1. Inside segment 118-138, can you point out the residues that are closer than 11 Å to Leu88 by Cα and in a helix (DSSP H, G or I)?
2. Might you let me know whether segment 91-106 holds any residue that is in contact with a Gly (Cβ under 6 Å, 6 or more places away or on another chain) and buried (at least 21 other Cβ atoms within 10 Å of the Cβ)?
3. If a residue must be free of Cβ contacts under 8 Å to residues at least 60 places away in the same chain and of a type outside the set (Phe, Trp, Tyr), how many such residues does segment 10-32 contain?
4. Quick one: which strands (runs of 3 or more DSSP E) lie wholly within segment 158-242 and hold at least 1 residues that are under 16 Å from the mean Cα position of the chain (by Cα) and either away from ligand 1 (no atom under 16 Å from the Cβ) or within 24 Å of Thr42 (Cβ to Cβ) (or both)?
5. Could you list, in sequence order, the residues of segment 151-173 that are crowded, with 19+ Cβ neighbours inside 10 Å and within 20 Å of Ser127 (Cα to Cα)?
6. Go through (1) in contact with a helix residue (DSSP H, G or I) (Cβ under 7 Å, 6 or more places away or on another chain); (2) over 20 Å from Gln143 (Cβ atoms); (3) at pLDDT 90 or above one by one and return the number of the condition Lys219 breaks.
Amino acid sequence: MIEIKNVSKWYGPFQVLTDCSTKIEKGEVVVVCGPSGSGKSTLIKTVNALEPFQKGDIVVDGVSLADPKTHLPRLRSRVGMVFQHFELFPHLSVTENLTIAQIKVLGRTPEDAKARGLKMLDRVGLSAHKDKFPGQLSGGQQQRVAIARALSMDPIVMLFDEPTSALDPEMVGEVLDVMVKLAQEGMTMMCVTHEMGFAKKVSSRVIFMDAGKIIEDCKREEFFGNPEARSPRAKDFLNKIL
Ligand code: ADP
Ligand code: MG
């Protein structure tokens, strides 16, 4: 579904990604972790073509991002992205937040968009809040609306960048529950998160990054079950967060 091939990226003279390669198969849930500043957000944004890269290629569902002929907005519309900060439109109701991109980007009728959006809102357990504005919802609820909004676009893959790290602790669980359900339903997911409980429960693989490089890329059982085999940097990191 996603193939990242020898991707390198620079911000001016600063190399932020160095020769990153990995593959994510359909239905896989890949957790990306690593210290702050290691390039996790940058890597996940390159997959959605929100950040360009200078070397290598990323192929999403057969479409090459390095190919200048690729229509990036169309590709982006098929990749769901959920950020740390929910980024809902504050002046639009929940229902309008769920439908606007479906109408403007996918060309759906308002009726179809609403039907799809409300179905996804139900999936995240927030049907009762359809007429509220983001400011009237808790952080956890806003993040669940952001997930429903991404799902309304019928994404082929969902990218998450630390979706729970800006939330008060008591709201983390409700967002993770939605993500676990998605994972168990077979959604292909790439998740930057330090929630190792989530990683242990549903991930197929764990990628560990450090200083712009993918240092570890292994199956969940291997990552958690065989700590002695981990690189010193990964061991150090895991000791700090577990
Ligand atoms: P992480 O998500 O792992 O914390 P990031 O991908 O956000 O890491 O950042 C990786 C590195 O790139 C950091 O050193 C950060 O300061 C730098 N960086 C991120 N965005 C930019 C930018 N727009 N311009 C210059 N440097 C950036
Ligand atoms: Mg980040």
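1. Listed by number, the residues that qualify are Pro134, Gly135.
2. Yes, that holds for at least one residue.
3. Selection size over segment 10-32: 3.
4. Because the criterion is at least 1 residues that are under 16 Å from the mean Cα position of the chain (by Cα) and either away from ligand 1 (no atom under 16 Å from the Cβ) or within 24 Å of Thr42 (Cβ to Cβ) (or both), the strands (runs of 3 or more DSSP E) in segment 158-242 that meet it are 189-192, 205-210.
5. Leu151, Ser152, Met153, Val172
6. (1)
Table: residues versus (1) of a type in the set (Val, Ile, Thr); (2) surrounded by 16 or more Cβ atoms within 10 Å (Cβ to Cβ); (3) closer than 17 Å to Val192 by Cβ; (4) within 16 Å of ligand 2 (Cβ to nearest atom).
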position: Phe14; (1), (2), (3), (4): no, no, no, yes
position: Glu28; (1), (2), (3), (4): no, yes, yes, no
position: Gly37; (1), (2), (3), (4): no, no, yes, yes
position: Leu43; (1), (2), (3), (4): no, yes, yes, yes
position: Thr46; (1), (2), (3), (4): yes, yes, yes, yes
position: Glu51; (1), (2), (3), (4): no, yes, yes, yes
position: Gly62; (1), (2), (3), (4): no, no, no, no
position: Ala66; (1), (2), (3), (4): no, no, no, no
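This table checks each residue for (1) away from ligand 2 (no atom under 16 Å from the Cβ); (2) within 23 Å of Val16 (Cα to Cα).
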{"position": "Ser152", "(1), (2)": "yes, no"}
{"position": "Glu162", "(1), (2)": "no, yes"}
{"position": "Ala166", "(1), (2)": "no, no"}
{"position": "Gly173", "(1), (2)": "yes, no"}
{"position": "Val178", "(1), (2)": "yes, no"}
{"position": "Val192", "(1), (2)": "no, yes"}
{"position": "Val206", "(1), (2)": "yes, yes"}
{"position": "Glu221", "(1), (2)": "yes, no"}
{"position": "Phe224", "(1), (2)": "yes, no"}
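The values are calculated or read from the model by the stated rules, or taken from the named source; none is laboratory data. All values derive from a computational prediction rather than experimental measurement. No Cβ is skipped: glycine too gets one built from the backbone with ideal geometry, and neighbour counts run over all protein chains shown.
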